[in-house]
Each structure stands twice: as structure tokens, then as C-alpha cells.
Amino acid sequence: MSKKKKIIVLVSMVALLVLTGCLNYFLNRPDSGTTSADNNQSYSDYFAASHADRTASRTETVMYYEAIISSESSSAEAKAKAESELAALVASMDTEQRLESLIKALGFDDCLVTVGTENINVILKSDPLTDQEVAQVLDVILTETKKEAGNVRIKPIDA
């Protein structure tokens, strides 16, 4: 694959990711005139759509890295970098899945965890959180990762 083609593929993937995010936002934002039952459905849809968007985006990214790794025209340096980034992505995916399972085990209906290079963001389907619930979620994250409390963001969405 030529360098020009790789750039075109990468730009296309980024454009699709932005488009997916915009569509997700506009199609899943709650209207001001909705009822409580409608809000619960909207929030369930939000979590389902967010998980689906993340899975689709990650699938594309994995395919991109695998294409670089398997391409005969890729340099050894490009292959090594793609292998490293793919390994980091897989580790991040594993951490997110593990944290989501452990947080749901605390009794939350649903959650979405994103692990970045520096921060961890947690979106919980919950009424306003008590200090005890925040402490429980934070304990799970700090126990399972090497992040510091200042790098963890916990955001409830009213159930």
C-alpha cells in the first residue's frame, strides 16, 4: 500500500469516526419534552449506541493496524509501531471491559468506561451518586489500574 493510499484510508477512517460521533449525538440526545420513561429509553439507547460506536471504531482501527502489519510494502519501523499501538489498544479494551464488569457488579444498571493515556472516564447510569458510590467506583478503578484519583472522571446520568 503506497503512502498516499495509507493517508487516504486514515483520513477516511477519521471522517467516518467523526460522522458516527455526530450522528450518535444528534440521534440520541434527549428532547426537553420527554417523559421519565422516554429518558430511561434514551439513556439505554445512549449506552447501547456508545458501546456499538466504540466497537465499530475499534474494529476499523484494528483492521488498519493489521493491514500495516501484514503489508509487504510497510517498513519494519511502521510494522513495529503498528504492533505496539495494536497491543496498547487491546490492553486498553481489556481494561475497559474489566472495569465495566466490576462497576456493574457494584449494582449500577449500565456504565461506559474509556481509558486514555492519562485519564479514565466513567459514565454511569445512575441517579445522582452518593459519596459512598463514588468511593466504591473510584476504589475499583484505582485497584485495577495504575491511575491516580485525580485522573479519574466519574459522571452519572440520571436513571
- Can you check what the net charge comes to around Phe47, using other residues whose Cβ is under 12 Å from the Cβ of Phe47 (Lys, Arg +1; Asp, Glu -1)? -2
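With the full set of protein chains in place, find how many percent of the accessible area of region 52-159 is carbon and sulfur; take the probe as 1.4 Å. Working shown, then result.
Details: 3250 of 6320 Å².
Carbon plus sulfur share of accessible area: 51 percent.
Let's test the formula: R0 of 25 Å, r as the Cβ-Cβ distance of Arg58 and Gln132. What FRET efficiency results, to the nearest 0.05? Before the final figure, lay out the partial values.
Values: r = 33 Å, r/R0 = 1.32.
With R0 = 25 Å, the Cβ-Cβ based efficiency is 0.15.
Past 32 Å, Cα to Cα: identify those pairs from Lys81/Lys104; Lys104/Lys146; Lys79/Lys146, in the order given.
Details: Lys81/Lys104 34 Å; Lys104/Lys146 20 Å; Lys79/Lys146 28 Å.
Pairs exceeding the cut-off: Lys81/Lys104.
Give the accessible surface of region 81-159 per residue, rounded to a whole number of Å², with probe radius 1.4 Å and ligands, DNA and RNA excluded. Walk me through the numbers before you get to the answer.
Details: 4540 Å² over 79 residues.
Result: 57 Å² of accessible area for each residue.
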- Note on the structure: FRET efficiency for Val90 and Glu118 from the Cβ-Cβ distance with R0 = 22 Å, rounded to 0.05, comes out at 0.70
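If you take all C-alpha pairs in region 60-115, what percent of them are over 18 Å apart? Each step should come with its number before you reach the end.
Numbers: 732 of 1540 pairs.
Considering region 60-115, 48 percent of its Cα-Cα pairs are separated by more than 18 Å.
The values are calculated or read from the model by the stated rules, or taken from the named source; none is laboratory data. Computed from a predicted structure; not experimentally measured. As a convention, Cβ positions derive from the backbone with ideal geometry for all residues, glycine included, and neighbour counts pool all protein chains shown. Ligands, DNA and RNA are excluded from the accessible area calculation, which covers all protein heavy atoms including side chains. Shrake-Rupley method; radii C 1.70, N 1.55, O 1.52, S 1.80 Å.
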